[in-house]
Structures are given as C-alpha cells and as structure tokens.
1. Within segment 64-86, track down each residue that is modelled with pLDDT of 75 or more and surrounded by 10 or more Cβ atoms within 10 Å (Cβ to Cβ).
2. Restricting to segment 42-53, give me the number of residues that are crowded, with 17+ Cβ neighbours inside 10 Å and not aliphatic (A, V, I, L, M).
Amino acid sequence: MNNKRNTEAIVNIAKKKSDEVRKKVEKTIQRLILEGVIVNFNVVKNEAGVSKSWLYSNEDIRQRIEEIRDKQNVSPKRSIGASRERSEASKDNIITALKERIKELDGENKKLRKESEILYGRVYKEN
C-alpha cells in the first residue's frame, strides 16, 4: 500500500513538471510570434530550454510549431535580410542623430569663436 502511494506521488510530480514545461513552451512560442522571430524547432528548443526530442514527441506542440513555421514560410535568407534591414534602419537613425549633433557642435563652436574674438579685442584695446 505504501508503494502505491509513493508511485502515485512520483507520477503526479512528473505530470506537474510536464505541464509546467508545456506552459513554458507555449509562452515561448507566443513570445516568438509577437517578436516576429521565425518559429522553428531549433529556436523553440533554445528559447524554452527543452530538448528537440521533447518537442517532437509531444504531437500537439509539434503540429503547432510546424503550422506556424509553414505559415511564416520564410527562408533563412529572408530572415537574415529582415534583420539586416532592421540593422540598416538602426544605422540610418544613428547617422541622422550624429549629423544633428555635428550641426549643434558646429554652431556652438562658431559662437565660442566669436566670443573669443570679442574678448581678444577687449584685451588688445586695454593694452
């Protein structure tokens, strides 16, 4: 009788752990979709911290990943291109901000040069 209780407890703990992992994988898949990341078995495995065999052995999870992957229907080249486009846009924003900063510093530099000339003029007149 004691052995039966012990095995029931172990089975319950294993089921609870499996349910927690399942929820973690589901949340990971949702997050990846929201972030616009390409969903495939490798990405889900790495992000959720589970094994690929676990993903493949759970039929509903496997089907969901395959469906999402098929809907995204993006080749790896496109995903690299998308990140490259984001990178280019980021670089463009940085360049624009730096150009504006250069203009500000040029204006400040001109102002300081004029002030310096005026002060040199005053010093020259006093001597």
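The values are calculated or read from the model by the stated rules, or taken from the named source; none is laboratory data. What you see is a predicted model, and the numbers here were worked out from it, not measured in a lab. In this analysis, Cβ positions are derived from the backbone assuming ideal geometry, glycine residues included, and neighbour counts consider all displayed protein chains.
1. ARG64, ILE65, GLU66, GLU67, ILE68, ARG69, LYS71, GLN72 - these are the residues of segment 64-86 that are modelled with pLDDT of 75 or more and surrounded by 10 or more Cβ atoms within 10 Å (Cβ to Cβ).
2. Selection size over segment 42-53: 2.
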